[in-house]
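Participant: Please see the structure below; I have some questions.
A short reminder: the numbers here are calculations on the coordinates, not readings from a lab. Please read these numbers as outputs of a predicted model, since none were measured by experiment. Positions of Cβ are generated from backbone atoms using ideal geometry, with glycine treated the same way; all protein chains shown enter the neighbour counts.
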Amino acid sequence: MLQSAPDALDLPANATPADYWDAARTLSLIGDTLVKLDAQARPQPALAVAWQSDPSARHWQFTLRRGVKFHDGSAATPAAIAQILGAIHSGWNVRAAADSVSIESATPMPALLAELALPRNLLLKRNTNHLPIGTGPFLIAEWQPGKLLRLAANEDSWAGRPFVDAVEIEFGKSLRDQAIALELDKTDVIETAPQTANGSQRHSTSSALSLSVELLALVFSANSKAQDPRLREALALAIDRKPIQSVLLKGAGEPGASILPNWMTGYSAVFSAQPNPQRARTLLADSRQPALNLSYGLSYDPRDPQAQLIAERIALNAREVGITVQVSLSGAEDIRLMRVTLPSPDPATSLGEAARQLGLPQPALPATPGNSLDDLYQAERGLLAGYAVIPLFHLPVASAASARVHDWEPERPGDWNQSGFSLADTWLANAWLVDSRPEAASR
């Protein structure tokens, strides 16, 4: 069961993080990418079995896996793959050869492997009903927009037939409805809130908590009344993240003042997340913008059940140092509380994706393969200069499975067909194997 209720099976460009993960998980069961990344951001073969690039990283060549077919029976030829990729990336020159596909660009592409592993680069065709046709472990058996998707095992999957015969996904189910359905054995896999992932389900279910793959941050709009960087820095110093995490987030996530979480970079502690009200008041006294004479509108996503409470707590912290913040969904929006997706274990790729979602310029990284941590740090520091964005928390994504689901060990949420974990490799125990009632012992 999933929360989103999509009208089409695609990956919306401006999807919320919840919708993004739902779409990515669903589509990854249907299609494949050229390469995958494992949890350590190392590229692994998928439809491509080998690759190489020239020293400038402008020209790449991918040797394709042989004998792969789309779900409609057509061959996944280099020409077919090149056509799909070329339509996704108009700025690339994608060409087919006898057993390979080449990608050329006018600018260096040192992080191309991580880019190609993103869900938006799933290699999918579309039929006359605009339904996706891929090469993945499952094919579409039934689609009811916004309600239900039934997938059947792909008997000719290049990775081997899935252990399960089918997957049925019900859309538009709230977290509460999902939890009840799991308790009543009416579903096998659900989404959960990260703060309830440890211990809220019954003993016979298993929970999976991802690495931190979402960022919760404050973003100043382009026409915000809060234009002075000293005022913005004062607001950043006023926010006490720890009580918000302990009470409102119930211990989930990690307070942070960096865009990328520490597991990606190891340097997030350099960006201090500690409150400093005294320093905030000093900055306000030096600001060209008299904070006491203005009220700043703070909006939030009403679909996020915790957003309003977090926004109100931030407004309270701001008021304590002399900044008036009005939490509202109407009126002028000076600041917005946003969740953004960190979709890749590759830090450079996630930094670029986060910058795009936050409305920031692309990070200034050297156009050479293998960016160093110092390069990454300097690029992130440049994005945060001026306090146009104030990072607050890095948050995980959680799921739970029934007792009959085995080999359910996702290292990160991403797709459900990733390297090192695939839903196609799970297996379901018969009911008598997981029945813990006393009378079951005699069966």
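Participant: Of Leu215, Leu118, Thr196, whose Cα points farthest to the positive end of the dipole of region 105-260 (charges on the beta-carbon: +1 Lys, Arg; -1 Asp, Glu; origin at the Cα centre)?
Facilitator: Working it through, the farthest residue towards the positive pole turns out to be Leu215.
Participant: Right, another one. Take a quick pass over the chain and tell me how many lysine pairs come in under 26 angstrom between Cα atoms, counting only ones 8 or more apart or on separate chains.
Facilitator: Lysine pairs meeting both conditions in the chain amount to 9.
Participant: Given only helices, namely DSSP H runs of n ≥ 4 each adding -39500 (n - 2.57), what is the per-residue ellipticity at 222 nm of the chain, to the nearest 500 deg cm²/dmol?
Facilitator: -7000 deg cm²/dmol
Participant: Within region 214-395, what percent of beta bridges assigned by DSSP are antiparallel, to the nearest 5? Could you put the intermediate results ahead of the total?
Facilitator: On the way: 15 of 21 bridges.
So the antiparallel bridges amount to about 70 percent of the total.
Participant: Report the charge-dipole magnitude of region 214-395 in Debye, nearest 20, computed about the Cα centre from +1 at each Lys and Arg Cβ and -1 at each Asp and Glu Cβ.
Facilitator: With only Lys, Arg, Asp and Glu charged at Cβ, the dipole is about 460 debye.
Participant: Could you check what % of the DSSP bridge pairs in the chain are antiparallel, to the nearest 5?
Facilitator: 90 percent
Participant: If you average the sequence gap of Cα pairs under 8 Å that are 6 or more apart and divide by the length of region 214-395, what percent do you get for the contact order? If you can, show how the numbers build up before the last one.
Facilitator: Working: 318 pairs, mean separation 68.0, N = 182.
The value is 37 percent.
Participant: So, one more: The list [x] 89, 70, 40; [y] 69, 62, 35; [z] 69, 66, 38 gives values of Cα extents along the principal axes in Å, and only one came from this structure; which label was calculated from it?
Facilitator: So the structure-derived entry is [z].
Participant: To the nearest 20 Debye, how big is the dipole of the chain about its Cα centre, given +1 on the beta carbon of each Lys and Arg and -1 on that of each Asp and Glu?
Facilitator: The calculation lands at about 700 debye.
Participant: Enter the angle in degrees (range 0 to 90, nearest 10) between the Cα long axis of helix 307-321 and the first principal axis of the Cα atoms of the chain, meaning the one along which they spread out most.
Facilitator: Helix 307-321 sits roughly 20 degrees off the main axis of the chain.
Participant: Related question: Within 10 Å of each residue's Cβ, count the other Cβ atoms and sort Ser268, Ser207, Ser90 from fewest upward.
Facilitator: Ser90, Ser207, Ser268
Participant: Can you pull out the trypsin sites (Lys or Arg not before Pro) in region 41-127 whose DSSP state is coil and whose Cβ has at most 13 other Cβ atoms within 10 Å?
Facilitator: Here the sparse-neighbourhood loop sites are Arg66.
Participant: Something else now. For helix 229-238, report the angle its Cα long axis makes with the longest principal axis of the Cα atoms of the chain; keep it between 0 and 90° and round to the nearest 10°.
Facilitator: With rounding to tens, the tilt is 80 degrees.
Participant: Nearest 10 degrees is fine. How inclined is helix 373-384 to the longest principal axis of the chain, computing both from alpha carbons?
Facilitator: 60 degrees
Participant: So, one more: Under 8 Å for C-alpha pairs, at least 6 residues apart: give me the relative contact order for the chain, rounded to a whole percent.
Facilitator: Result for the chain is 21 percent.
Participant: Using only alpha carbon pairs under 8 Å that are at least six residues apart, calculate the relative contact order of region 76-130 and give it in whole percent.
Facilitator: Taking the mean separation of contacting Cα pairs over the length of region 76-130, I get 31 percent.
Participant: Sorted from fewest to most neighbouring beta carbons within 10 Å, what does the list Glu142, Glu380, Glu333 look like?
Facilitator: Glu142, Glu333, Glu380
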